[in-house]
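Some notes on the structure that comes next.
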Amino acid sequence: MKKIITADTAPAAIGPYSHGNAFGDLIFTSGQLPVCHNSGKIVSDDITEQSKKSLENLKAVVEAGGGDMNSVLKTTCYLANITDFQAFNAVYSDFFQDNCPARSCFAVKDLPLGALVEIEAIASCK
């Protein structure tokens, strides 16, 4: 049975979707933008800060679903500009040091709220 995941420290959804869903032993997150939970705004114009915030929001959702960053199996990462790939990777590697998930990362034309990055994941529940 599907269980809706709500993370208290992740920003509210900006549309008709949940933070994530758990089904069986799997967690499926919605894309996590670099939005501050308290202000509801993008944290800054800097790709490093935005990457960190998106990953912090992703972590909050995965943990609310019963997993942790080591249980992340796959991420899909969207960048507004592929030239940010190296800076994004530097932050990403801090969150996935020893147990890197499978990953797709590509540039897209636009992201909601003018964000530079958005990250979604599939993880396992503990």
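The values are calculated or read from the model by the stated rules, or taken from the named source; none is laboratory data. Since the structure is predicted, the reported quantities are computational estimates derived from the model, not experimental observations. Because the Cβ atoms are built from the backbone with ideal geometry, glycine has one as well, and the counts that use them run over all protein chains shown.
Look through region 72-119, keep the residues that are polar (S, T, N, Q) and outside any helix (DSSP H, G or I), and return whichever of them is farthest from Val35 (Cα to Cα).
Here the answer is Asn99.
For region 12-39, name all the residues that are of a type in the set (A, V, I, L, M, F, W, C) and either touching an Asp or Glu at 6+ places or on another chain (Cβ under 8 Å) or in a strand (DSSP E or B) (or both).
The answer is Ala22, Phe23, Leu26, Ile27, Phe28, Leu33, Val35.
Return the residues of region 25-40 that are more than 15 Å from the chain's Cα centre (by Cα) and touching a residue at least 12 places away in the same chain (Cβ under 8 Å); say none if nothing qualifies.
Asp25, Leu26, Gly40 - these are the residues of region 25-40 that are more than 15 Å from the chain's Cα centre (by Cα) and touching a residue at least 12 places away in the same chain (Cβ under 8 Å).
Is it true that some residue in region 40-50 is in contact with a Gly (Cβ under 8 Å, 6 or more places away or on another chain) and either at pLDDT 95 or above or assigned to a strand (DSSP E or B) (or both)?
yes
Quick check on region 55-71: of everything there that is surrounded by fewer than 21 Cβ atoms within 10 Å (Cβ to Cβ) and in a loop (DSSP other than H, G, I, E, B), which residue is nearest to the chain's Cα centre (by Cα)?
Restricting to residues being surrounded by fewer than 21 Cβ atoms within 10 Å (Cβ to Cβ) and in a loop (DSSP other than H, G, I, E, B), the top hit is Asp68.
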